[in-house]
Amino acid sequence: MLSQALVLSAVLFVIGTFGVLVRRNAIIMFLCIELQLNAVNLSLVALSRAVGIDGQVFVFFVMTVAAAEAAVGLAIIISIFRHYETVNVDSFNLLKW
Amino acid sequence: MSASLGMFWLDGAESAAAFDPVLPGLIVLLPLLGFLANGWLALRHAERSADAVRRGEELDLDTGGRPSTHTLPSLIGPGVLLASFALVVVNFVRMSAVELHDPVVVRYWTWMATGTFTVDAALQFDQLSMIMMLVVTGVGFLIHVFSVGYMKDDPGYPRYFAYLNLFVFFMLVLVTGASFPVMFVGWEGVGLCSYLLIGFWFGDREKSDAGKKAFIVNRIGDFGFLVALFILFINFQTLDFVTVFGEAPEALTYGGGVVTAITLFLLLGAAGKSAQIPLYVWLPDAMAGPTPVSALIHAATMVTAGVYMVARASVLFALSPVGSVTVAGVGVATALFAATIALTQTDIKKVLAYSTVSQLGYMFLGVGVGAYAAGVFHLMTHAFFKALLFLGSGAVIHSMHHALHHTHNPADAQDMRNMGGMRRFMPFTALAMWIATLAIAGIWPFAGFFSKDEIIWYAGAAAVGPYAGLYTVYWVLALAAAMLTAFYMTRMMVMTFHGANRTGDEESKHLHEAPWTMTVPLGVLAVLSMFGGWINVPEAIRESFLGLGGALPMSEWLHHWLEPITHAATQVREEALLAAGALAGQEHDYGFLHHAPFGGGELTWALVSTVAAAVVVAGTVLWVRGWSLAPASESPEPTGFRKVLYDKWYVDELYDRIIVQPLLAVSRFFWRFIDQVIIDGFVNVVGGGARAVGWFVSLFQTGSVNTYAFVITLGVLAILGAVVAGG
């Protein structure tokens, strides 16, 4: 049971990582990051039976932070969209030297 | 009284009531308070002037009365000196009343204590420091009063008095300090004030440069002084005068390398401060300062600090025959050398400057041959007559300056060729300066006769034991220099005060006698220059007509007064000579012979020298009066040997060539090559490298989220790979 859960978690994480790397739409990238987070959550929950209850507590933390992050992230994306009228991340490269 | 004073140090066991100084700290502190008050006024005055300039006005001292910043310093400056002088006199009277054997040391607080080295802020009161304090505060007060008149119209008036008070404070620290480090504080402090006052008119580049020259040349001397202190500390573990001089005869071997090194390094320090060969070059340039400053600092007090120091450390010098003969040699060489330069100078202050260097040479000769009391005696009488000469020249320059200023004449107010016949306009100044001239020329019965003659006599009488031949040479040179002194001083007087006036017809109408604030100090100093010598008539001439047949009660007073200071050194010297058998079968006092090298006693040679000096003075008056002098602008340049003397033997040029220029060349090499090429080059390469690396790394900051995500992922994979491979 544990190994299946961990395999699923790994698959989800790789999908998420792949999505972040290849997609250009900021919202899609954002969703992929959420996917990565939840892949990690899944492995934490799965491992808690063997290791201890700490993993499950940690999952709550991650979910809370993810919710806050989603709120801030989406707000940023919306304001970027208002300015550029696009959410293609290739268009934003102002933050450099 | 003199007889008992002369005896008491021999039987110190029955030492009388203790000397208890009255308010000793206040003597030193009063001038410091004067400095603070005047300094505050100077700052206020500067603020007001700045405000006035900002408003586009000019601060005119003649309209609307003098501001308080100008009236108050006239009271505070001389006032604190007078109070200080009064305190010194009170203490002097009390000290005379008791038979003081050991110095009284007043300790205030521990200045520094590091390991075994402790220095107390302590003042020492003994016969030598008392004489010095009397001279510094007494002559200092007169010069302060003179300054009130002389500097009246100067915009920097309060600043001037602040510096002058500060100088007196440091000078008093110098002469009363109870240890070498405290003395050194005063030593450096007077150097600072000298620098500030030489460059008092700092707007003039030449004058501020003269101040720097004085300061820098003195650094060379201070190096010597400090090295001497280090050697002393290694040998004694303390630098307190009482301990060092008390233990020196036992702790140091007579004529040993250590004591010789100490004395030679001390001599270097003294030569810097007292303008002796080879460090005398700063003093003539120091004449750039206001004339009362030249009188106070560069004639009467500060420049005699070296003589005071040698007299203070007389035990050490007596322990080193080499050190002593070097001091005397430097002294007599300086006396003769400076006198030759003074022969042809045309600037009245330059003549006096070289004359001061020459007279300081005499003092060094005195303390070098072991006649410490004679050296201090000449220091004292010189303070009287040289201060008088400088103040008199100041009065003349003041008058000349006014005359030339009123007629908008650009001629030099200090050039004697522009003067002549000044005696008709300033009879009192002329009379006072003639008295000083006769005193410095060594004419009986003026002060300089007794002091200078005593030094010359002792130089001859010291021709016994080690270096007897050298002392004979010194004696002859000293006699020769005395004749030169008589000539150049008389020449200066005749060129300034006699003959026809060369200032100009219109200008001469503005020449006038100085105000009372200037003439009164001249008068007091003239009296001192006349009678100041009577306090130390040598025993040998006391009973003769030169000593008024012994009618004077004070003969040899100074000699006896200073005996507690000098007797240790005299003892060392006499014992060494006796041990060497040098005095066998010869009549002597304290190791000095009763006859000069070519025969004749003290009386004979005193008579010879004063008659010779009188002949030179009279001859010079007749000769120089016959010169047809022209104003400076019409005078031809001196030629031949006269030009060599006029250009001061080209010593400044020589120093420039062998010291200043090579130093500049080395500095330029270090600047242009070592600093600019090597050090700057290295720093520039490092900086350039950092920039290049920064530029290269900045290429990775693309600002694109995708790149970052990609690189982060790669990094995570790399770390994971490393963990897996390593684990």
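None of the figures in this text is laboratory data; all of them are computed from the coordinates on show. Computed from a predicted model, the values in this text were never measured in an experiment. Cβ atoms come from the backbone with ideal geometry, glycine included; neighbour counts cover every protein chain shown.
Summary table below
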{"item": "Sum of -39500 (n - 2.57) over DSSP H runs of 4+, divided by residues of the protein assembly as shown (222 nm, nearest 500)", "result": "-23000 deg cm²/dmol"}
{"item": "Cα→Cβ-extended label distance, 7 Å offset, between B:Glu539 and B:Thr604, nm", "result": "2.0"}
{"item": "Under Karplus coefficients 6.51, -1.76 and 1.60, residue-wise ³J(HN,Hα) of segment B:333-342 in Hz, glycine/proline x", "result": "4, 5, 4, 6, 4, 5, 5, 5, 5, 5"}
{"item": "Acute angle (nearest 10 degrees) that the helix B:427-441 long axis makes with the longest principal axis of chain B, alpha-carbon atoms", "result": "90"}
{"item": "Average beta carbon contacts from partner chains per residue of B:698-706, 10 Å cutoff", "result": "5"}
{"item": "Order by protection proxy (mean Cβ within 10 Å, highest first), peptides B:320-329, B:640-649, B:40-49, B:220-229", "result": "B:320-329, B:220-229, B:40-49, B:640-649"}
{"item": "Potential extension, B:Leu43-B:Leu664 segment - 0.36 nm per residue separation minus Cα distance", "result": "219.8 nm"}
{"item": "For segment B:481-634: Kirkwood Rh in Å [reciprocal of mean 1/r, alpha carbons]", "result": "20.1"}
{"item": "Chain B: angle of helix B:180-198 to the longest principal axis, Cα-based, in degrees nearest 10", "result": "90"}
{"item": "Label-point separation in nm, B:Ala722 to B:Val520, each point 7 Å along Cα→Cβ", "result": "9.2"}
{"item": "3J(HN,Hα) from dihedral phi, segment B:212-222, Karplus parametrisation 6.51/-1.76/1.60, rounded to Hz, x for glycine, proline", "result": "5, 4, 4, 5, 6, 4, 5, 4, 4, x, 5"}
{"item": "Prolate/oblate/rounded label for segment A:2-84 (Cα gyration tensor, a/c 1.5)", "result": "oblate"}
{"item": "Residues with amide H under 5 Å from that of B:Trp111, placed H, sequence gap 5 or more", "result": "B:Val119, B:Asp120, B:Ala121"}
{"item": "Efficiency of FRET between B:Val697 and A:Glu85 - r from beta-carbon atoms, R0 56 angstrom, step 0.05", "result": "0.95"}
{"item": "For the protein assembly as shown, alpha-carbon Rg over 2.2 N^0.38 Å", "result": "1.44"}
{"item": "Cα-based reach from B:Lys386 at 26 Å (exclusive), listing lysines while leaving out same-chain residues under 8 positions away", "result": "B:Lys152, B:Lys207, B:Lys212, B:Lys213, B:Lys273, B:Lys349, B:Lys350, B:Lys452, B:Lys648"}
{"item": "Built amide H within the under 5 Å cut-off of B:Val105, gap 5+", "result": "B:Phe125"}
{"item": "Förster-model FRET efficiency, 56 Å R0, B:Ala500 and B:Ala580, C-beta, rounded to 0.05", "result": "0.35"}
{"item": "Using alpha-carbon coordinates, inclination of helix B:468-497 to the longest axis of chain B, degrees", "result": "90"}
{"item": "Debye-sum result for chain B in log10 I(q)/I(0), which assumes one identical scatterer on each alpha carbon, at q = 0.05, 0.06 Å⁻¹", "result": "-0.29, -0.40"}
{"item": "Estimated FRET transfer efficiency when R0 is 51 angstrom, pair A:Gln56-B:Asn684 (beta carbons, to 0.05)", "result": "0.25"}
